[in-house]
Amino acid sequence: DVPDEIKNFKFEGDNFWVPEIRALCDDIEQDVTWQYEESVCITYIQQFQLVKVEVVSTNPGLVVYRDIFTKKQVDDYLLLLETKTLETQQVLTENGSEYYSNVRRANGTSVLQDEGPAAISIVRTVQAMIPTIDFKVAENIVALSYEVGGHYGIHHDYLEYDSEEDWDQYTKELGNRFGTLIMVFKTAEKGGATVFPALGSTVRSNAGDAFFWFNVLGNTNIDDYTEHGGCPIYAGNKIISTFWVRMNDQPILDKVMSPSSIAYEYLVPGKV
Ligand SMILES: O=C(O)CCC(=O)C(=O)O
Ligand SMILES: [Fe+2]
């Protein structure tokens, strides 16, 4: 059961949230993930390291890689962010222009994949431990910091444009957003999970975890089931970084057998 002060908590942009989804964010009992018979935790060895995978959704695949980063990697990356200015985040409209919106309240900045040893180290780990995705085909990393009242309303990461003329540079060169990896460096004391309403699931991660899902179906059209949002923060500070992986030449797309959603097996080496 959710305490009243959380249920009734007011924040800028709370109009973007409906009570059912807030409940999925805040009430662990609402989360159907653990009621699925197929809910599994699996492990594999990659480069002599044990990778622990929690399968949150089998199809479409949504998996958490637990403790993928060491404490040193997390601390070094947080130190890197302290040297950078995190700006109030804008939101991209369909025609590519940016504006401030209450749909997302967070501060952020972009981090280059090779921006010093801390960034290089996390990118190297991600690529080594999740070899089925090509992380070179990706945008710059976006670091996000949410304070109390911060949130990111339900959205798709896949970019929908009215016409090809509106495509951003990444879409022109690398294709649309194939999948998303969220890397977790600090969790809020209360709130701040990542909710997937259409899957009935909420990812509650810890610093050092990362999680991945597909934004597209096997035919590269948008997968409506992986819409998601960053739940409101009630106490503390959440720091994550988003790695948007683009479509072109992703090895998985040579392998998928069906135009429906892409299953979790494609995120585990040797499964497909
Ligand atoms: O804050 C979150 O948990 C979600 C962030 C997100 O959806 C994004 O960066 O695209
Ligand atoms: Fe997102």
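The values are calculated or read from the model by the stated rules, or taken from the named source; none is laboratory data. None of these values were measured; they are calculated from a predicted model. Note that we place each Cβ from the backbone using ideal geometry, even for glycine, and neighbour counts take in every protein chain shown. Ligands, DNA and RNA are excluded from the accessible area calculation, which covers all protein heavy atoms including side chains. Shrake-Rupley method; radii C 1.70, N 1.55, O 1.52, S 1.80 Å.
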With a 4.7 Å Cβ cut-off, tell me which Cys residues in the chain come up empty for a partner. 41
Note the full-extension length gain between residue 120 and residue 198 as 0.36 nm times their separation in residues minus their Cα-Cα distance, in nm to one decimal. 24.6 nm
Note down the nm distance, to one decimal, between modelled labels 7 Å out along Cα→Cβ at residue 86 and at residue 272. 3.4
Toy charge model, Lys and Arg Cβ at +1, Asp and Glu Cβ at -1: segment 4-267 dipole around Cα centroid in debye, rounded to 20, equals 860
Run through segment 97-135 and list the chymotrypsin sites (Phe, Trp or Tyr not before Pro) located in a DSSP loop whose Cβ has at most 12 other Cβ atoms within 10 Å. 100
Calculated FRET efficiency, residue 147 and residue 41, Cβ-Cβ r, R0 35 Å, to nearest 0.05? 0.60
Quick check: pseudo-label points 7 Å beyond the Cα along Cα→Cβ at residue 235 and residue 248, how many nm apart are they? 4.8
Could you pull out the chymotrypsin sites (Phe, Trp or Tyr not before Pro) across segment 8-74 that fall in loop regions by DSSP (anything but H, G, I, E, B) with no more than 14 other Cβ atoms inside 10 Å? 36, 48
Just to be sure I understand the rule: take each whole DSSP H helix in the chain, project its Cα atoms onto its long axis, keep it if the span is 15 Å or more and its mean Kyte-Doolittle hydropathy is at least 0.5. Which ones pass? 116-129
Amide H neighbours of residue 141 at under 5 Å, excluding residues fewer than 5 places away on the same chain, with H built from the backbone geometry, are 111, 113
Ignoring everything except DSSP H segments at least 4 long, calculate the 222 nm mean residue ellipticity for the chain; use -39,500 (n - 2.57) per segment, divide by total residues, nearest 500. -5000 deg cm²/dmol
So the FRET efficiency between residue 48 and residue 189, C-beta based with R0 = 35 Å and rounded to 0.05, is 0.50
Using a 1.4 Å probe on the protein chains only, how many percent of the accessible area of the chain belongs to carbon and sulfur? 49
For the chain, with every protein chain kept in place, what is the accessible area per residue (1.4 Å probe, Å²)? 48
Distance in nm between residue 23 and residue 169 label points, each 7 Å along Cα→Cβ, equals 4.6
Please compare each pair in 10/190; 136/186; 84/238; 10/84 to a cut-off of 21 Å on the Cα-Cα distance and tell me which ones are over it. 136/186; 10/84
The value for the chain (convex hull of the alpha-carbon atoms, volume per residue, Å³) is 127
